[in-house]
Each structure stands twice: as structure tokens, then as C-alpha cells.
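Student: Questions regarding the structure given below will be posed in turn.
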Amino acid sequence: MFQKVLIANRSEIAVRVIQACRELGIKTVAIFSEPDRESKHVKMADETWQLNGQPARVYLDGAQIIEIAKRAGADAIHPGYGFLSENAEFAKLCGEAGIKFIGPKPEVIHKMGSKIESRRVMEQAGVPVVPGTTDPVSTASEVLALGEKYGYPIAIKASAGGGGRGLRVVRKAEDVEQALAGAQREGASYFGSGEVYVEKYLDHPRHIEVQILADESGKVLHLYERDCSSQRRHQKLLEETPAPHLSQDLRRRLTEAAVKGATALGYTSAGTVECMVSGEDFYFLEVNTRIQVEHPITEAITGIDIVKEQIKLAAGAPLSFSQDEVRQHGHAIECRINAEDPARNFMPCPGTLTRFELPHHPWVRVDTACYQGYQILPFYDSLLAKLVVWGRTRAEAIERTLCALKHFKIEGVATTIPFHMAILQDQGFIEGKVYTTYVEQDFMKHSFKAAAPANTETTTPAPVSENKTPVRGEARNFEVDVNQKVFKVQVTELLEEKTASKVTNKPAKKSEQIHSHETGKIEATMHGLVKQIEVETGSRVKKGQRLAIFEAMKMESDIVADIDGAVQEIKVKAGQTVDNGTLLFVLAK
């Protein structure tokens, strides 16, 4: 077994890996960006090392992370999900440095990192794939020809993409050029490759995935399926297992295909085979060569700790159970509690948590790195917590999840809790009729009514000492960096009685934000990145026309004109990072 594992990640998944390592008696090393200094994973780990560089990029700095792992004496690296978790080059560099990468082999990650190559592999293994190209496309004319061949709608996908990134759905020929450019741009931005391919887009499919585990002897097992159809912008919001209304025959064919495909790959470690289901047919979508965000619901119904198994498999241990021993018990639901405002098209909402109280029930699990006073940073994704609820039946799991959501108290930022409360009471969801675009096309337009967020601030006085003798002052914590390694020191000052006065803890003053309400002045509504400017000074624009593409908390959105007029001034450049309230454009009628 490993002696020391470095977690090449942050937030709740880093906390989850540390918890698994503790159970296995493995020491842990946390890495952190400067803004993450007070994060929970940093406080929990046995050792902490600061990353040097820009906060938004340092968790992608594979060379620096491997160097820290060597200096810390770590014999393995767990990448979590996101960041470097599906980076074949990073996995290769770990091996060359004599450090075990807790995940599949680099060549497997490379194959599955390319949607084109993964389609070829699965076709050869006999796994059904959606009709589409196995070769990349680069011009609008190629896409138009494929649109004629397959019929619209079609999907243009970044070959190296995943999680909805680099994906554009095209429903008519005149939208091809813009969609192709968008998919190529996003693929290059997120994954370092602008290569894209085209496939037939299935309307109203379900997103069903199969959890797999495989050891280094070639044994592959499945832990059944999860339904991840509740999505917005192709990003999952709620998952459940078992998938509702899935026939036993379809479940069998899905799980058998997942095992067959993983075996053909020579897969090792934990992974997920994702499929699109339409009626009684299913089609391969992609393989996620890492731990999934939604792995806890599978743990809840099978009793198998997937992260611990993943670590043990990386250490060379065989699978400790057979396929016949894997049983589904009850039903589990996961709600991704994000710092997003569902009433404003799920707009990201960075800020400080002024209240963070978890629900406490015997059938509830909450995976989180948050706490009261924690600052939600604009550099990373918006996930605050994963609420996982188990019930004997699906109906009981739904009721228990509603109960847990009522007792989950978060203030200071907008969250998706109102959305989850509403979707769990939606008739379409209750009947198990959710498909991948249901939330955006049906539910949000016709059923969702957001609850007003609570905003309360309290002032709590600190306790006052009545002693007339010298008293201890407030303990002060210091962190001393020695060649990037962080040592924690606590100092408590002895105070004379006369200086030990009453102190009131007042909430921090909110940053003043300047928002012009003058028509034609377009401002940023949050901290983020101006990815692309679509107009020039002097251009005539219509109200609602896109002026720029903006990215915040890993989500892309449009900056649009609020009047008909001319672009008088462009105050920013592509690639520029801006703060909330920054003036971007000035339009004149």
C-alpha cells in the first residue's frame, strides 16, 4: 500500500480523497493556490504545499505538482476529477518520475480523451455508437454535408471535450458556421485542441452511465447504472440510481456493454461508461477515465467505497469482490448544490457564505469543503456541496431529499436549492420522464418558481472574561512557508485584565459595486474573463445582439446589447480578466 498520496485537486473531492486515505492509513499531501489557503482540504491534510502562479491555472501545472510530490516524498498522486484527472501526458510524467498515478494507464486516457478514437474503439468492441463521423471536420461545408446526410439536429463536439464543453447543437443549416467556430474555440480553450467531429443529435434522450472498476489483472466489474438526465447546459444537476423505468433487459445490455468496452480498452482503476438512451436503444457517449462527481450515490446503494477501491487498485490489489456480490439496495439521489442563481439562468454567484448549516439525518450524506465564512472563489467551478440521500424506494428517497433540502441552510450566495426543491416535486420528474434537455426546454420555462433567497446578518459579541488576573488573548494562527512547504504555528498572548476588553465580531463590510443603470452602458455582472469580442467600434448593433463571449466559474455566456445603436467605445480586450461592475461597452443610439 502507498505510504503518502498527494491530492492534485482542491475542494470537496480533495476532502473525499483525504478521508479515504485516512481509512487506509495513508498520509496525505494537499496543494493549494494562494486564495485556497483557508480551504478545508488544506486544513485536513498531513502536509500542505503552496502552488506558485495564477490561481486559475496552478492546479493545471503538472510539472510543479510532480516536483512538489517528489519533494514531499509522495509515492502516488490522486487527481480527483477535473483539472489533470484525464490528462494523459500528466499521467505519463507521473510514471516517469516514479510516482503512481491513481487512474488508468496514460495510453487508455489518451484513447478515451479523443471522442473520435473512443468511438472507433467502442465500435470495434461491438458497443453501439451514435451515427456520426470517426474523422475530424474543420470546415462549415463538411458539417453542412453531414447535416444533409444525418438530418438535423446534429451535434458538433470537441474531440477532446467532456461535460458539455465544446458541444454545439445545430438545428438548421444557417447556424452551422457559428456553431462550428464556438465548438472549436471552446475545445481549444478548455482542452488545448480545436479538433471537432459531428454526430447525429438525439432529441429527448436519457443520459445513463455505468460505474466500472477494473484491476490490473484484467478483471472488470460494473456497479450498475446512474441516471444523470437532469442537466442544464449539458452540466449535471441531479443524479439518481437505479435509473427509473429502465427495463431489466436494457439494464443488462448497458452494463454488459460497459464491461465489454472497458475490457477491450485494457482499462484499470475506477471509471464510467456514459451512454445516451432512447427508448430501448442505447448509444455509447464517452468514457470518463476518473472518479465521477456523482460516485456517492453508487456507494450508497452498493455499500462499496469507490475511492478506497480506486486507491487499492492503483497499489496493485485485486478486486476484493465478484460481480455476483454487487447488489443494488434501495434508491439514492444526489443534488449538486451550486453557487448559482436558477432564477437568473443559473448565473454563477461567487461570494462569502454567511451561513452554512448541514442537514443531519441518518440517511443523508453531504460531501463538501465549505463552512460558514468560506469564500466562493470566481476562479473555479460553482459546486458547494453534494447532498446524497438514500431511501428504500425511489418515492422515499425523493421525500427524504426534500426534507434534507429544507434543513440545508445556506446564506450569502444564491444556490440551486430552490431548483432542487422544485424539480423533486415536478410531475415529470416524479414519473421518471426527465431527458437531457428537460430542465431547460420544459421545467425552467413552465414549472420553476424560485424561492426568495434569505439574507440575514448577525452581530455576535465575543465572550468577555470576568477574571481580574491576566487572561489569555485570542489564539492567533500563523503559517510559515519554508520552500513552499507550509508549517502551522499557533500563538496565544497573555493579556493584562485591563486590556482584555469586549470585542464585537461584525460582519465584513460588503465590497461596493458600481453598476451604471444608464442605457447603453454594458457592465460585467461578476468577476470573469472576456474570451472573445464580437463587434468593432462604430458597429451598428440590435438589442440582444451578442457583443462578446464571457466566462465565469467555468461557464460561458453572452454579453449582449441592451439597445439598438452604435458601439461607441470598447473598454476591454479579449483575454482580459475583469471584476464585477467593470464597464465593458458603451453604446449610443
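Student: Are there any pairs, at least 6 apart or on different chains, whose C-beta atoms fall under 7 Å, with the first in region 157-186 and farther than 30 Å from Val108 by Cβ and at pLDDT 85 or above and the second surrounded by fewer than 22 Cβ atoms within 10 Å (Cβ to Cβ) and of a type in the set (A, V, I, L, M, F, W, C), and if so, which?
Tutor: Val170/Ala179; Ala173/Leu144; Val176/Ala140; Val176/Leu144; Glu177/Ala140
Student: Tell me which of these Lys111 doesn't satisfy, since it passes every other one: (1) closer than 24 Å to Gly266 by Cβ; (2) at pLDDT 95 or above.
Tutor: (2)
Let's see how each residue does on (1) within 19 Å of the chain's Cα centre (by Cα); (2) surrounded by 20 or more Cβ atoms within 10 Å (Cβ to Cβ):
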residue	(1), (2)
Glu148	no, no
Ser159	no, yes
Val176	no, yes
His207	yes, yes
Val220	no, yes
Glu240	yes, yes
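Residues checked against (1) under 30 Å from Gly528 (Cα atoms); (2) among the aliphatic types (A, V, I, L, M); (3) modelled with pLDDT under 95; (4) assigned by TED's automatic domain parsing to the domain that holds Leu384:
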position: Ala8; (1), (2), (3), (4): yes, yes, no, no
position: Thr28; (1), (2), (3), (4): no, no, no, no
position: Glu38; (1), (2), (3), (4): yes, no, yes, no
position: Gln54; (1), (2), (3), (4): yes, no, yes, no
position: Val58; (1), (2), (3), (4): yes, yes, no, no
position: Ile65; (1), (2), (3), (4): yes, yes, no, no
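Student: Hey, among the residues in region 33-46 that are outside any helix (DSSP H, G or I) and closer than 15 Å to Asn9 by Cβ, which one's farthest from the chain's Cα centre (by Cα)?
Tutor: That would be Ala45.
Student: Given (1) surrounded by fewer than 24 Cβ atoms within 10 Å (Cβ to Cβ); (2) in contact (Cβ under 8 Å) with a residue 60 or more places away in the chain, where does Arg253 come up short, assuming only one miss?
Tutor: Among (1) surrounded by fewer than 24 Cβ atoms within 10 Å (Cβ to Cβ); (2) in contact (Cβ under 8 Å) with a residue 60 or more places away in the chain, the lone unmet condition for Arg253 is (2).
Student: For Thr28, state whether it is more than 16 Å from Leu384 (Cα to Cα), touching a residue at least 60 places away in the same chain (Cβ under 8 Å), of a type in the set (Ser, Thr, Tyr) and not in a loop (DSSP other than H, G, I, E, B).
Tutor: For Thr28, the condition - more than 16 Å from Leu384 (Cα to Cα), touching a residue at least 60 places away in the same chain (Cβ under 8 Å), of a type in the set (Ser, Thr, Tyr) and not in a loop (DSSP other than H, G, I, E, B) - is not met.
Student: I've got another one for you. I need the strands (runs of 3 or more DSSP E) fully contained in region 332-431, keeping only those with at least 3 residues that are within 15 Å of the chain's Cα centre (by Cα).
Tutor: 383-391
Student: Next up: Which numbered condition in (1) modelled with pLDDT of 95 or more; (2) in a loop (DSSP other than H, G, I, E, B) is the only one that Ala451 fails?
Tutor: (1)
Student: Based on what the data block shows, is Ala88 without any contact (Cβ under 8 Å) to a residue 40 or more places away in the chain and buried (at least 20 other Cβ atoms within 10 Å of the Cβ)?
Tutor: For Ala88, the condition - without any contact (Cβ under 8 Å) to a residue 40 or more places away in the chain and buried (at least 20 other Cβ atoms within 10 Å of the Cβ) - is met.
Student: Go through region 562-589 and count every residue that is closer than 24 Å to Pro350 by Cα and among the small types (Gly, Ala, Ser).
Tutor: The total comes to 3.
Student: Please enumerate the residues belonging to region 504-562 that are modelled with pLDDT under 75 and under 30 Å from Gly166 (Cα atoms).
Tutor: If the condition is that a residue be modelled with pLDDT under 75 and under 30 Å from Gly166 (Cα atoms), then Met553, Lys554, Met555 are the ones that fit.
Student: Just wondering, is there one or more residues in region 350-359 that are surrounded by fewer than 18 Cβ atoms within 10 Å (Cβ to Cβ), touching a Lys or Arg at 6+ places or on another chain (Cβ under 9 Å), of a type in the set (Lys, Arg) and not assigned by TED's automatic domain parsing to the domain that holds His41?
Tutor: For region 350-359, residues surrounded by fewer than 18 Cβ atoms within 10 Å (Cβ to Cβ), touching a Lys or Arg at 6+ places or on another chain (Cβ under 9 Å), of a type in the set (Lys, Arg) and not assigned by TED's automatic domain parsing to the domain that holds His41: present.
Student: Answer yes or no as to whether Leu319 is aliphatic (A, V, I, L, M), touching a Cys at 6+ places or on another chain (Cβ under 6 Å) and not in a helix (DSSP H, G or I).
Tutor: Judged against the criteria, Leu319 is not a match.
Student: If only one of Ile13, Ile116 is more than 22 Å from the chain's Cα centre (by Cα), within 30 Å of Lys157 (Cα to Cα) and not charged (D, E, K, R), which one is it?
Tutor: Ile116
Student: Moving to a separate point now. Say whether the condition of being over 22 Å from the mean Cα position of the chain (by Cα), closer than 20 Å to Ser11 by Cβ and basic (Lys, Arg) is met by at least one residue in region 271-293.
Tutor: Within region 271-293 (the criterion being over 22 Å from the mean Cα position of the chain (by Cα), closer than 20 Å to Ser11 by Cβ and basic (Lys, Arg)), the answer is no, since none of the residues qualifies.
Student: Is it the case, given these coordinates, that Tyr81 is among the aromatic types (Phe, Trp, Tyr) and in contact (Cβ under 8 Å) with a residue 60 or more places away in the chain?
Tutor: Here the answer is yes, as Tyr81 does meet what is asked.
Student: I'm checking my understanding of the structure. Among residues of region 244-277 that are of a type in the set (Gly, Ala, Ser) and in a helix (DSSP H, G or I), which one is nearest to Pro104 (Cα to Cα)?
Tutor: Step by step, filter region 244-277, then rank; the result is Ala262.
Student: Can you report the number of residues in region 88-107 which are in contact with a helix residue (DSSP H, G or I) (Cβ under 7 Å, 6 or more places away or on another chain) and part of a loop (DSSP other than H, G, I, E, B)?
Tutor: 4
Student: Then there's this: Test of understanding: among Leu167, Leu223, Leu237, Leu180, which residue is part of a strand (DSSP E or B) and in contact with a helix residue (DSSP H, G or I) (Cβ under 6 Å, 6 or more places away or on another chain)?
Tutor: Being part of a strand (DSSP E or B) and in contact with a helix residue (DSSP H, G or I) (Cβ under 6 Å, 6 or more places away or on another chain) holds for just one of Leu167, Leu223, Leu237, Leu180, which is Leu223.
Student: Count, please, the residues in region 335-388 that happen to be touching a helix residue (DSSP H, G or I) at 6+ places or on another chain (Cβ under 9 Å) and over 22 Å from Gln425 (Cα atoms).
Tutor: The number of residues fulfilling the criteria is 13.
The values are calculated or read from the model by the stated rules, or taken from the named source; none is laboratory data. Note that the structure is predicted; figures quoted are calculated from it, not measured. No Cβ is skipped: glycine too gets one built from the backbone with ideal geometry, and neighbour counts run over all protein chains shown.
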